[in-house]
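Report on the following structure.
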Amino acid sequence: MLIHHSKTDYNVAASDAAKHARTHFEGLISEGRKRAQLVLQQVHSQVPQDRIVRGQKLVFLPRETPQGHKLVIDFGETAETIHRHALNQLSDRVEVPFGGFVNKFSEKGDWGAKMVADVLTRVYQHDQNKYLLRSVKGDVRGFLSDKFRRLDSRPLLDAFAKAVGDLGAVPIQGYAMDTRVMLKAILPHIFEPVPNEVLAFGLCWSNSDFGAGKHAVQLIILRLWCTNYAIGEDLLTQVHLGKRLDDNFTFSQRTYELDTAAAASAVKDIVEHSLAPKRIDALCNVIKVACEESIDPKAVVMGLKKHLQKEEVQKVIEAFNSPDVQNLPPGNNLWRMSNAVSWIAGQTENEERKVELMKVAGDMLPLLKAA
């Protein structure tokens, strides 16, 4: 049995369809607890080390590693490897092509790595701008503007986990990649906006300490007959731009901590508002409308072409037109089309692209923001 720990009352479904979905739902929750713990452990163990460096002081060198030749940044007494993400960032800063030159020739062996290192060193010798370099365990993962707003993922993630926990929500999915972190949590209840369409609602928190994504909290809609996710509107969006950093890190660190504390407080407020019973009831009404109103599939697909790759569009069309009424809801409606996108997202191996597709699926519900 699922136990609700908060004092909040929800209009929970009690139909046979809801009862049938509980076994699958409880399995997701059980597995999610393990994943969430791993995410928390990794985020707290990988604390970024910050340096502010002028471009003209940077020296790039090739280094042979077990993974092949990699570029390093020489800081004088030490040298650190450069993560692919940071390499892309620093190449873009000085308009040196990443895909066609830096990435291509870095993998050509010693001579290619030396050539790339020499070009980048020469270009940066003429750059007087200051940059924020963020490293983890000797690997530069972020090459950022000195305006970058350093929101620490650790207290933000802790604030999110506590806030959703206080409302009885539980984690179901999460990842902590080299440059991005994400955690999803859902209310341990099943809702049924229309007969036999059983859903769960929750929130997705994400952040990047290395400029690989914004700090955001987004709505989650989970269809329980399968594993379709739709990630809805940005409830909290913070772009990492702020005051220009000072070389005096003592002052900057204090400002950084206060700014992060304010952002953590905002996360708590957003969670409490977004998972309130009235809000969930309004979301159920949105889904009900999306299920009942017919659409012109061709017109919807034309809109999707702006956000999906050609092969992704084709897969969505095939899924929507299939006789499948288990992985996708029945009907010629927007809810089925949105779930077709979510279904394709679930088949995508690349985690970042998967999240992007889930966001597209959520954005297809135009009434969502009115809820």
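Each reported figure results from applying straightforward, stated rules to the coordinates on display, with no laboratory input. Computed from a prediction, not measured in an experiment: that's the story for all the values here. Neighbour counts run over all protein chains shown; Cβ positions are idealised from the backbone, glycine included.
Worth pointing out:
- Each of Tyr10, Tyr131, Tyr229 was scored by other Cβ atoms within 10 Å of its Cβ. Listed from fewest to most, they are Tyr10, Tyr131, Tyr229.
- Computed [θ] at 222 nm, deg cm²/dmol, the chain (DSSP H ≥ 4; -39,500 (n - 2.57); rounded to nearest 500): -14000 deg cm²/dmol
- Going from the residue with the fewest nearby Cβ atoms within 10 Å to the one with the most, Val355, Val271, Val198 rank Val355, Val198, Val271.
- Values (i) 42, 25, 17; (ii) 50, 17, 17; (iii) 40, 32, 18 are given for comparison; semi-axes √(5λ) of the Cα gyration tensor in Å, derived from the coordinates here, is the one labelled (i).
- Anisotropy class of region 40-101 from Cα gyration tensor, a/c 1.5 cut: rounded
- In this structure, Ala262 and Ala17 have a Cβ-Cβ separation that, at R0 = 41 Å, corresponds to a calculated FRET efficiency of about 0.40.
- Between 0 and 90°, nearest 10: helix 16-45 axis offset from the chain longest Cα axis: 20
- Legend: ranking of residues Lys305, Lys310 from fewest to most surrounding C-beta atoms inside 10 Å; resulting order Lys310, Lys305.
- Degrees separating the helix 84-93 axis from the principal Cα axis of the chain, which is the longest one: 70
- Each of the GluC sites (Glu not before Pro) that DSSP puts in a loop and that has at most 16 other Cβ atoms within 10 Å breaks the chain; the longest unbroken stretch is 108-292.
- Helix 310-321 and the longest principal axis of the Cα set of the chain meet at an angle near 10°.
- Bridging of Lys315 to lysines at a Cα separation below 22 Å is possible for Lys298, Lys305, Lys306, Lys354, Lys359, once same-chain residues fewer than 8 apart are set aside.
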